[in-house]
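Here's the structure, in structure tokens; my notes come after.
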Amino acid sequence: MRIGIDLGGSNLRGAAFDAGDVAAPAQWAQREMVGTDRRPEAIIERVAAMVDRLAADGTGPIDVGVGIAAMLRDRRGTVAVSPHLGWRDVAFGELLAARLGSRFRLGVYNDVNAITWGEHVAGAARGCRDVLAVYVGTGIGGGIIANGQLLEGSTNCAGEIGHVKVRWDDDAAPCACGGRGCVEAYVGGSYLEKRIAREITGGKRNGGARARLARENNAAVQLAGSIERVTPSHVDQAATTGDEWALGLWTDVATLLAIALGNALAILDSERLVLGGGLLSRTPMLFELVETALLVVTPHPILERFDVVAAELGDNAGLVGAAALAADGVARIE
């Protein structure tokens, strides 16, 4: 038996897999809310309790992989920082290993790396040895597979494509990382929703013809029913109908994301680009525009050899990937 755990800022999920087939879970655990008590000891106890439940019928040493929404300091699962959990410098891996005991063999991984590995072993990147996977949701995360191996980097931060700079001038947008001009500050879902609202309501940075397009006969507002209810999905539907404002906004967003992706592909020479995440999964028109923009910004020798595909495993990718990494003994905490 092997167990995969996905610990995010809002939810805790887990699954148990038969040893012979990591892609087919023998048991899904019920999703739990992380809750308001985010002290490390409280979260560790909840993770351990879920592992114990999933392992109730297991025998022998059981591999456990935990994907966590955090920047990890080392291969022992030390959390350098987790904005979602409010943690800094927490020895999460060692504390969880001590709580679980010798019956379990534990590995702790960045959540996006676990998701990327899940797509590699059982999803959209099956059979590929060089992969760039990028997930656009509230923020933007990425994972890299090079020569069949997960690339983590010297500080476990490889793949942080959300913080690639796409603009650097006095008007560059501030990012939650403390920098300015990061692609996440333009394309990440939380930033994008603010931009949509600002343009529709005529914020101070929105003037001229574009402002009039945003406010007059706006198809996204008509689809949503009111300005306050407009979401990226409504903008995507409006762009599909040819709405000038929505299509212009989406083209700008797609171009910025494609610039970051194209630069990464020029360095990595990946054979496959996997795109996923909550935002892109709900905006097929934006996905299509990103593909089109990539044709312009990606170096031609690479363009001839790589393809773009949508992620396949959805929310289950992190569970599959964490379990598979643990079973392979990657970053095992002894």
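The values are calculated or read from the model by the stated rules, or taken from the named source; none is laboratory data. Keep in mind that this is a model prediction, so the values were computed, not measured. We place every Cβ from the backbone using ideal geometry, glycine too, and count neighbours over all the protein chains shown.
Just a few scattered comments:
- Out of A56, A97, one residue alone is assigned to a loop (DSSP other than H, G, I, E, B) and either modelled with pLDDT under 95 or assigned by TED's automatic domain parsing to the domain that holds R31 (or both). It is A56.
- Checking each residue in region 33-44 for being free of Cβ contacts under 8 Å to residues at least 40 places away in the same chain and not in a helix (DSSP H, G or I) picks out M33, G35, T36, D37, R39.
- Test for E228: is it in contact with a helix residue (DSSP H, G or I) (Cβ under 7 Å, 6 or more places away or on another chain) and assigned by TED's automatic domain parsing to the domain that holds E160: no
- Evaluation of S102 against (1) hydroxyl-bearing (S, T, Y); (2) assigned to a loop (DSSP other than H, G, I, E, B); (3) assigned by TED's automatic domain parsing to the domain that holds A260 (one fails), failing number: (3)
- For G318: the one exception among (1) part of a loop (DSSP other than H, G, I, E, B); (2) among the small types (G, A, S); (3) in contact with an Asp or Glu (Cβ under 7 Å, 6 or more places away or on another chain): (1)
- Scanning region 261-285 for residues that are closer than 23 Å to G8 by Cβ and of a type in the set (A, V, I, L, M, F, W, C) gives V274, L275, L279, L280.
- Condition check for G77: assigned to a loop (DSSP other than H, G, I, E, B), crowded, with 17+ Cβ neighbours inside 10 Å and at pLDDT 90 or above: yes
- Single residue of V64, V47, V51 found to be assigned to a strand (DSSP E or B) and either at pLDDT 90 or above or under 19 Å from N113 (Cα atoms) (or both): V64
- Out of A323, A293, sole residue that is assigned by TED's automatic domain parsing to the domain that holds R105 and of a type in the set (A, V, I, L, M): A323
- Out of G77, G139, G67, G143, sole residue that is outside the structural domain of V47 (by TED's automatic domain parsing) and touching a strand residue (DSSP E or B) at 6+ places or on another chain (Cβ under 6 Å): G143
- Of the residues R282, R305, R229, the single one that is basic (K, R) and within 18 Å of the chain's Cα centre (by Cα) is R282.
- Of the residues making up region 96-117, those that are buried (at least 18 other Cβ atoms within 10 Å of the Cβ) and out of contact with any Lys or Arg (no Cβ under 9 Å at 6 or more places or on another chain) are L96, L100, F104, Y109, N110, D111, V112, N113, A114, I115, T116, W117.
- Of the residues making up region 81-128, those that are within 26 Å of V274 (Cβ to Cβ) and in contact with an Asp or Glu (Cβ under 7 Å, 6 or more places away or on another chain) are D111, N113, E119, G123, A124, A125, C128.
- Set T116, T155: member being in a loop (DSSP other than H, G, I, E, B), on the phi < 0 side of the Ramachandran plot and either touching a strand residue (DSSP E or B) at 6+ places or on another chain (Cβ under 9 Å) or not hydrophobic (A, V, I, L, M, F, W, C) (or both): T155
- Subset of region 233-259 (residues that are out of contact with any helix residue (DSSP H, G or I) (no Cβ under 6 Å at 6 or more places or on another chain) and buried (at least 18 other Cβ atoms within 10 Å of the Cβ)): L249
- Filter result (over 17 Å from the mean Cα position of the chain (by Cα) and either closer than 25 Å to G148 by Cβ or not assigned by TED's automatic domain parsing to the domain that holds G188 (or both)) within region 256-279: G262, N263, L265, A266, I267, L268, D269, S270, E271
- The set of residues in region 174-195 that are closer than 20 Å to N263 by Cβ and either in contact with a Phe, Trp or Tyr (Cβ under 6 Å, 6 or more places away or on another chain) or surrounded by fewer than 18 Cβ atoms within 10 Å (Cβ to Cβ) (or both) comprises C177, G179, R180, G181, A185.
- Qualifying residue in region 99-113 (condition: of a type outside the set (K, R), out of contact with any strand residue (DSSP E or B) (no Cβ under 6 Å at 6 or more places or on another chain) and touching a residue at least 60 places away in the same chain (Cβ under 8 Å)): no
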